[in-house]
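Worksheet: one structure, shown below.
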Amino acid sequence: MTDGRKWLSYITYEKDITIQPSEEIIEFFYGAEVIGTLHLDEEGFPSGYYSYYEANQYPAMTEGDFLARLREFEKEIIDMFDDSYCYRVVSRHLDGGFYVEYRKMIDGHPLIIETIDAYFREDGILYQLDFPTRDVSFNMTLAEINEMKLKEEYVDCLPLKIKLQYINHQLYENGDDRFHYVYEIGNNAPFIGNDGVEQMDEEEEISMFESSLTTDDTVFIEIARKKLKEIMPDICVSEVGKDETDEDMTIYFERLLENVSLDLHVQVTIDKKERVMTGLYVNEDCYALGTLPEGEFLSKEEAKKHLLNNIRVIPNWTYDEEEDSRLTRFWDIEAPYAMDAVSGEPFILRSDRVIKEGVRK
Amino acid sequence: MSLETLKKWLETANTTCTFTEDDDDGMFSVYLDDEEIGMIQLNGDGSFQSYETYDDREVHERLSNEELFKRGKMILHDVFEERAKQFPLATGVELGMYTVSLHPVDETGKELPIYALSVTMYLDGMVESITSPEGTFRVEDIELLFTKEELKENYIASLPLSLRFMKYDAEEYIGGDDTYHLVYDVISESPLVHPNGELEFFEEEEEENDVDPEWADLTKDFIEKHIAPVDIRVVSTVDSDDVGPNSVEVTFIRMYKGIRVGDRSTLHFSKEFKRVIHAELDVSLYAEIEESASPVMTKEEVRKALYKELDFHIAPSYKDEEYEDDFIHVFERGYVERFPDGKGAVHAYDAVTKQPWYVNTSSIIEE
């Protein structure tokens, strides 16, 4: 089925490549060095390609050049595998590389699982390619629903607790590197399945202090507290819990801002025998300085109204365990990670930058 | 078949153990009263292969190592019956839990490592897991490239015997006092001995490559200000996605008058804030060093002392696996290091008192 030759122009720019095929694997050699392996399934269809190329780097490609190269790749590789994978999402990773996801079209709908996933380096060399299995069975039926009712059920299931959070620009699309009071959604989002909306169990907190502390505990906490005062005199923290093994004790702290606790942790590990600090972990955002945001909080009712305008009902896919893991569609909700508790502005987590999305021609 | 006998080892005074077969693939779920506590896997021929519990118990009253060793042997003989007779050599070791293994021996009566019937118990004697090896084994004789004396000489001559300050750890070494001593290190840079007597060396990883002075200086500053006023040598600074986004990893080691102290430590800095976000610090950074320590023993004396301690015997070691009609574990009969009676290997010599540091093996029982 595949002899490996047509892969050459995507996996390297070198000329003298030797191809060593066997039943399940095709190896590509540049001199004595294996630069990549192509894995085949029982029928000879590709199941994955993995590059071992580290050293040779070529000039970075422009997005235009890359998309042109991609079209060739699709004709020769993707369509030969299965030409119904014609919905594609091309995105740019933070390291400059390109992710391309190919989705199978079924009755005009792109299937968002069982995708073909390709990763190209910045210079256009194919670095990793994973194929799904070829025979997947589907159940296309999608229940009739009342969208507004689903949204309302979803919002009603959210615990909607107010938290003070640092909205880092690296993490959030609209991050402004300031502290905001937010209603957090992402970590407490309800689960939506075939039976409707279900409340998730609340996140487990780290092991909080038991009511009584031993003398030793107090000593270790004091050592940790003193150390933090030295290392970060400008940052205020308060201890919230501990964990211990025979050798050491780890004490957890929460960053405080004007006496309001932030969801940012610091932990200090103390060697019990030597009574010295052997470990430290600081959530990077702890070092961010700032002031408490001002303004009146939206009431829960107002917050829910804002949220209803910022969530979307979308069709999604799941594996139906009861039907031999057949793929089944269900209605899902797309929601922001958090919402400003004062202004109602949604905060959306940053993902790879999408360059192009849609059905390719 | 021994499933019934296993029950009595899993039950406690007031519980009943039952098994239910999951599928036709030889898997059984194990229940203690109504609670599922683990699973049993059978071999293709229906014989017992392994048991594993999901239960994570807290131990309140522990048995002594001798009691656990005896109990472990009884369990293995009970569960494996006739098969256990082909595994005559028993060993026991405590590492948080207690493991008893029965090993086969070769024609010369020497133990085959790895290939064993084993039971691991919580320290109160309750079974955590029982395992048995698949397939059979074969021992091959190989050509030895050197005599025993030649091997010892090659081995000892290859050691660089670096001077270091090492912690005489009370748990790890016999007579350890948990303080730092000036020693000749005979273990960290020692070669691997292949069964035919060939030595394999590991690459020296002490190269000071890729040290960015900005992060090295920040590290020195942090250690001096917040940890201890000690000299350090920065081994590497790594700025790549592998160590986390937007952070730099600095690896360093304490030095005293040009001699390494203890093990390496690492700091991670946030690139944005230029402050420490993660630290793993070796306790040696805080240790007191005997300022006047200077070596009395010579390297020649170390080599002579080590020559008396070091011993090899001819015994099987694991080579690889073969799958033909059957699954075969292949062993090679060649050189294997033998340790002094009742002690482990020598890891170091105190350069001042000339005392050897023996690994403490008192938690191991061998019959």
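If you average the sequence gap of Cα pairs under 8 Å that are 6 or more apart and divide by the length of the stretch B:162-313, what percent do you get for the contact order?
Dividing the mean separation by the residue count of the stretch B:162-313 yields 18 percent.
Amide H of B:Asn196: which non-local residues (sequence gap of 5 or more, or other chain) have their own amide H closer than 5 Å, using H built in the peptide plane?
B:Tyr335
Could you calculate the contour length gain from B:Glu61 to B:Ile142, that is, 0.36 nm times the residue separation minus the distance between their Cα atoms, to one decimal place in nm?
Between B:Glu61 and B:Ile142, full extension yields an extra 24.3 nm.
According to the Cα gyration tensor, what semi-axes, each the square root of 5 times an eigenvalue, does the equivalent ellipsoid of the stretch B:174-251 have, listed from largest to smallest in whole Å?
32, 22, 11
Skipping prolines and chain starts, which residues have an amide H placed within reach, meaning under 5 Å, of the one on A:Gly279, given they are 5 or more residues away or on another chain?
Under 5 Å from the amide H of A:Gly279 lie the amide H atoms of A:Thr269, B:Leu281, each far enough along the sequence or on another chain.
Taking a spot 7 Å from the Cα of A:Asp246 along the direction of its beta carbon, which residues of the stretch B:160-190 have an amide N less than 16 Å from it?
The answer is B:169-174, B:176, B:178, whose backbone nitrogens lie closer than 16 Å to the label point.
Count charges around B:Gln49 for me, please; just the other residues with Cβ under 13 Å from its Cβ, Lys/Arg as +1, Asp/Glu as -1.
Result for the neighbourhood of B:Gln49: -3.
Using only helices, what value at 222 nm comes out for chain A when you add -39,500 (n - 2.57) per DSSP H run of length 4 or more and divide by the total residues, to the nearest 500 deg cm²/dmol?
It comes out at -4500 deg cm²/dmol, rounded to the nearest 500.
Among B:Met121, A:Phe28, A:Gly186, whose Cα sits farthest toward the positive end of the charge dipole of the protein assembly as shown (+1 at Cβ of Lys/Arg, -1 at Cβ of Asp/Glu, about the Cα centre)?
A:Gly186
May I ask you to derive the relative contact order of the stretch B:37-158, considering only C-alpha pairs under 8 Å and at least 6 residues apart, and to give it as an integer percent?
The normalised contact order for the stretch B:37-158 reaches 23 percent.
For B:Ile232, enumerate residues with amide H under 5 Å from its amide H, sequence gap 5+ or separate chain, H modeled in the peptide plane.
Those qualifying (amide H under 5 Å, at least 5 residues apart or on another chain) are B:Met255.
As an exercise, take the mean of 1/r over every pair of distinct alpha carbons in chain A, invert it, and state the Kirkwood radius in angstroms.
24.9 Å
Of A:Pro21, A:Pro315, A:Pro336, which has the largest mean-square fluctuation in a 10 Å C-alpha GNM of chain A?
A:Pro21
Let me have the 222 nm mean residue ellipticity of chain B computed from DSSP H runs of 4+ only, each contributing -39500 (n - 2.57), with the sum over all residues rounded to the nearest 500.
Dividing the helical sum by the residues of chain B leaves -4500 deg cm²/dmol.
Helix check for chain A. Which DSSP H runs span at least 27 Å along their own axis by Cα, with a mean Kyte-Doolittle hydropathy no less than 0.0?
Going by DSSP H runs, there are no hits.
Could you pull out the GluC sites (Glu not before Pro) across the stretch B:213-289 that fall in loop regions by DSSP (anything but H, G, I, E, B) with no more than 10 other Cβ atoms inside 10 Å?
B:Glu288
Express in nm, to one decimal, how much length is gained between A:Glu33 and A:Glu153 on full extension, taking 0.36 nm for each residue of separation and deducting their alpha carbon distance.
The span from A:Glu33 to A:Glu153 would gain 37.4 nm if fully extended.
HN-Hα J couplings of the stretch A:127-133 from phi, Karplus 6.51/-1.76/1.60, θ = phi - 60°, integer Hz, Gly and Pro as x?
Values, residue by residue: 9, 8, 9, 10, 9, x, 5 Hz.
In whole Hz, what ³J(HN,Hα) sequence does the stretch A:257-271 give by Karplus (6.51, -1.76, 1.60; θ = phi - 60°), x for Gly and Pro?
These are the phi-based 3J(HN,Hα) values: 10, 6, 6, 9, 7, 9, 7, 10, 10, 10, 9, 10, 9, 10, 6 Hz.
Kindly express, to the nearest 10 degrees and within the range 0 to 90, the angle between helix B:299-309's C-alpha long axis and the longest C-alpha principal axis of chain B.
Roughly 10 degrees between the two axes.
Would you mind ranking B:Tyr173, B:Tyr307 by Cβ crowding within 10 Å, fewest neighbours first?
Lowest count first: B:Tyr307, B:Tyr173.
If you average 1/r over all unlike Cα pairs in chain B and invert the result, what Kirkwood radius do you get in angstrom?
Computed over Cα pairs of chain B, the Kirkwood hydrodynamic radius comes out at 24.7 Å.
Going through the stretch A:252-285, which GluC sites (Glu not before Pro) have at most 10 other Cβ atoms within 10 Å and a DSSP loop state?
In loop regions of the stretch A:252-285 (DSSP not H, G, I, E or B), the sparsely surrounded GluC sites (Glu not before Pro) are A:Glu258.
Please work out the ratio of the alpha-carbon Rg of the protein assembly as shown to 2.2 N^0.38 Å and round it to two decimals.
1.18
Explain nothing, just the number: relative contact order of chain B, from Cα pairs under 8 Å at least 6 residues apart, as a whole percent.
With pairs under 8 Å counted, the relative contact order is 15 percent.
Within the stretch A:35-88, report the GluC sites (Glu not before Pro) that DSSP leaves as loop and that have at most 15 other Cβ atoms within 10 Å.
Answer in residue order: A:Glu42, A:Glu43, A:Glu54.
How much of the calculated P(r) for the stretch B:238-367 lies past 16 Å, in percent of all Cα pairs?
Roughly 78 percent, once rounded to a whole number.
Read phi for every residue in the stretch B:257-268 and hand back ³J(HN,Hα) as whole Hz from Karplus 6.51 cos²θ - 1.76 cosθ + 1.60, θ = phi - 60°, with x for Gly and Pro.
6, x, 10, 5, 10, x, 10, 6, 10, 9, 10, 10
Since every read-out is calculated from the coordinates, none of them should be taken as a lab result. Predicted model, so just to flag it, every value in this text is computed and none were measured. Using ideal geometry, Cβ is built from the backbone for each residue, glycine included, and neighbour counts are taken over all protein chains shown.
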